[in-house]
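Undergrad: The following block contains the structure, expressed as structure tokens.
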Amino acid sequence: MEAFREVLEEFEKLERLQVRLIRWASSIKKGRDGLRNKLTKELEDLIASDRDDDTMANLIDTRIRLNIEIDKDGMYWEQRARTNWLQLEDKNSAFFHKYAVARRRINTITRPESNEGREISDESAIDEAALNYFQNLFSSKGIGNYPTF
């Protein structure tokens with residue numbers, strides 16, 4: 001009888017721990033959501049305001065912080081999907097296989113295309129298209145009436 005009582009006490013402790021962990025995770029999520037919403041509102045206000053050097057610096061800083069929060073959220077859901085896969089792989093292996101295959105398809109370059117949408121097969125043309133793509137991706141086009149540097 002004493003052993004049963006000890007097991008019951010341990011079980012109750014685990015239940016209390018589970019409730020506290022759920023509350024803790026919920027408060028963390030609310031904090032992240034609140035910060036993301038605050039940064040989004042701040043960004044909207046900065047975009048709507050007059051453009052000067054301080055506003056532009058705050059705009060860039062806010063965008064960076066918002067992107068970091070969005071990345072954190074993406075990592076959370078990616079880890080969550082992996083955790084679910086580890087827990088449920090035997091039960092839902094077909095589902096998770098389809099998930100992995102779909103992700104691989106999204107991340108695979110099947111054929112390079114030019115900006116006009118034509119397929120590129122020549123190696124020098126592929127190099128040129130890649131160079132142009134990344135130069136455009138990482139170059140500044142300026143904001144408003146401000147020149148690029």
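The values are calculated or read from the model by the stated rules, or taken from the named source; none is laboratory data. All figures in this text were calculated on a predicted structure; none of them were measured in a lab. Reconstructed Cβ throughout: ideal geometry from the backbone, glycine too, with neighbour counts over all protein chains shown.
Undergrad: Tell me, please, whether a residue that is of a type in the set (Val, Ile, Thr) and closer than 20 Å to LYS72 by Cα can be found in the stretch 41-56.
TA: no
Undergrad: Right, another one. Taking the stretch 67-111 on its own, how many of its residues are small (Gly, Ala, Ser), closer than 30 Å to GLY31 by Cα and modelled with pLDDT under 75?
TA: 1
Undergrad: Now for a different question. May I ask you to verify whether PHE134 is among the aromatic types (Phe, Trp, Tyr), in a loop (DSSP other than H, G, I, E, B), at pLDDT below 80 and over 24 Å from ALA25 (Cβ atoms)?
TA: No, not satisfied.
Undergrad: If you don't mind, another one. Do you know which residues across the stretch 91-133 are surrounded by fewer than 10 Cβ atoms within 10 Å (Cβ to Cβ) and small (Gly, Ala, Ser)?
TA: Across the stretch 91-133, the qualifying residues are ALA94, GLY117, SER121, SER124.
Undergrad: Given the criterion among the basic types (Lys, Arg), in contact with a helix residue (DSSP H, G or I) (Cβ under 7 Å, 6 or more places away or on another chain) and either closer than 29 Å to TYR99 by Cβ or exposed (fewer than 13 other Cβ atoms within 10 Å of the Cβ) (or both), identify the matching residue among ARG80, ARG36.
TA: Checking each option against the conditions leaves just ARG36.
Undergrad: Turning to a different aspect of this structure: Among the numbered conditions (1) touching a residue at least 60 places away in the same chain (Cβ under 8 Å); (2) loosely packed, with under 11 Cβ neighbours inside 10 Å; (3) of a type in the set (A, V, I, L, M), tell me where ALA48 comes up short.
TA: Condition not satisfied by ALA48: (1).
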